[in-house]
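Working notes, structure below.
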Amino acid sequence: MTQMDLANPIFGMPSSEYYKAFRDYPALYRLLAKGTHSKPAQRFHSAEQLSDQLAGVLRQIVGGTLGVPVSSNLFVPGIMTTTGKLGFRGEAVLDEGDKAIDHLRFGDQALRGGNYVSAESFYKQAAKINPNSVDAHLRLAEVYIDTSEFGMALAEVTKVQRMAPGNWKVAWYTGRLLEAQEKYAAAADYIATAPLTQIEAYSVVTASGSKNVGPRRVHDCDQLNIDAEIILANQQLFNAAHNVTYPGERTAVERITAGMEEYVGHLTVMQHEFDQASNTANAQDSHLRNAYQAYLAASSVLHTRIQRQPSIVEDRSTLPACHIGIDQHLAQPNTWVNGGIADNIDCLSDINYTHLQGTTSTGGGYNDVISFLNTALIGAILLSIIFVGWLLISTWRMAAVTHRVINVGLSLSLLVGLIFSLMIIGTLLNFTGLPGTHTASQDGAYRQLVKDDYDSVYYAAKLKRYGTDANADESRWLIALTFNDTTTASGADHWAADWGTNIQQVQQLIANAQNNQTWNEEIQPLSDIHSSWNKYITIDRQIRAAANNGSDPQHIHNAEVISTGPSNAAFGTFSDAVTALSKANYDHYNITLSSTQNTLNIYTSLSAILYPLIGLCAAWGIYTRLNEF
């Protein structure tokens, strides 16, 4: 029985800060915390498990004392290897049922004597005898760690992860590898959570899609993606800042820049607090709760409000209202300027899209150019009629006066002028397209650029954004459940509703992209988008079912395993398919734009040359015929 402060009663394990023994021996505290965990599933499942961990704690506390040997079911008693830069390490026991056990033992003897060449040879022979030998590959990793061949060591560990996922030895040797590379914090996390940590093949986002970076821990994967996405965001922000054209763009870019500085600052605090947490699986850990608060602050900057006061250099009267949010409601300048990063990104996009497409009250760039091209086409037709008509009349008149039907100069001028005028009219028709048509072959080059290609790229960009938001809402919902957050603005119900709304928006955008399908190159990406999104939605239902299964004491953990595993994999495939769709249209856009520019340059040059020559040729024909007459 212990004394209890009745004014501040403690139920369960007290904080480790209360007792010196817990502060000096955190392993002892973790053992007691696990044994008295409020959730039965988190406790020891057998006396053998408790005995093993007690032996481990005893080894850490008094194992260095002479005469106090401690046996283990996981490590060879009395054997210590030199691998590792933090001192001696225990040698993991071999599987006695391994077909290559003799070669493994010979290899161990060579390794203990520092004969790495011989040890490597024995372990490779063991791997040939039993290709599925966990110990053969991990002992090879041990040799490569000792000889600083870290890439080869990682390759061996990865092989075992694929053969025997969840095997505790994978986590142990990965920790040894990280330790040898002086990645001590990551090594400690691996070793402390050996039964729970797994390595998975992983990809990070890039400007052109996903890039495989090899096997990583789930937590390291998240860190890599955060870093990669911040880099991408900064690249796009740099491009936007150097392409400011319309009123409101500069203000939106400056607000996004200020918001990104705040956002990254909160993420840095979040990561620091997370690293300080003694138990990242305990939502009540003070550092973990601080990390959660920093995460909420970052989320607020992203979705609600950038705290830094806006410094607007543009005339406020020129700032436009913008369509923002998933419902695309119209926000006045004071609203979006004081909103979050997402609001300002929406506004920046809306400003440019509105200037291109126009509104009910404004023509927009697209309609203005179409009007100009139509006027140019009518003007070209009229001028061609006048020009060719003048040549035709001149030819007829000369034939009537001179009584000679053929005039070389005039006939040649008439023929070339007629053909070239028809070519110019055809080219302008090719630019404008046929009125009222919506097929690629009849749209015209300019409509193809704006309506077929640009709209598909635009839909793809929105599709990726709302898809990413839906995937993020999935994680936000699980985080809120983990911390039992039921607040209106950041609670589980809020993110569940937002999740559903984003999913509906994605499905609508997929339909838009399908309806705007024009080129054969779009067929496969659209098919991949449909299949991968349907797979993602199926897994999404599994996540919800797992998380809402209150009868399972590990329901949140199980949902997170699905979320960080098959769900992220399915979303990665979806994201790559959207990138492929965007690329197909962007490539066609560039081809059409280049072809159009080349055609304009050619016809401009030909016009500058041919029309004066046609006039000179006609004048020569008239002059020579009159002299003969």
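The values are calculated or read from the model by the stated rules, or taken from the named source; none is laboratory data. For clarity, every value in this text was computed on a predicted model and none was experimentally measured. In this analysis, Cβ positions are derived from the backbone assuming ideal geometry, glycine residues included, and neighbour counts consider all displayed protein chains. Ligands, DNA and RNA are stripped out before the accessible areas are found, and what is left, the full protein with its side chains, is counted by its heavy atoms. Shrake-Rupley method; radii C 1.70, N 1.55, O 1.52, S 1.80 Å.
Figures for the structure shown
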item: Positive dipole terminus of the range 380-628, leading residue within S567, A472, S594 (C-beta point charges); result: S594
item: Mean Cβ neighbour count within 10 Å, used as a protection proxy, ranking 498-506, 347-355 highest first; result: 347-355, 498-506
item: Per residue accessible area in Å² of the range 244-357, where ligands, DNA and RNA are left out and the probe is 1.4 Å; result: 48
item: Computed lengthening from N534 to Y623, 0.36 nm per intervening residue step minus Cα-Cα distance; result: 24.3 nm
item: Fully extended contour minus Cα-Cα distance, from I230 to N515, at 0.36 nm per residue; result: 99.3 nm
item: Potential lengthening between I523 and N239 on full extension [0.36 nm per residue; Cα-Cα distance subtracted]; result: 99.2 nm
item: The range 513-561, dipole about Cα centre (Lys/Arg Cβ +1, Asp/Glu Cβ -1), debye to the nearest 20; result: 200
item: Of K462/K535; K462/K583; K159/K535, those spanning more than 18 Å from alpha-carbon to alpha-carbon; result: K462/K535; K159/K535
item: Neighbour net charge for L410 - beta-carbon separation under 12 angstrom, K R +1, D E -1; result: +3
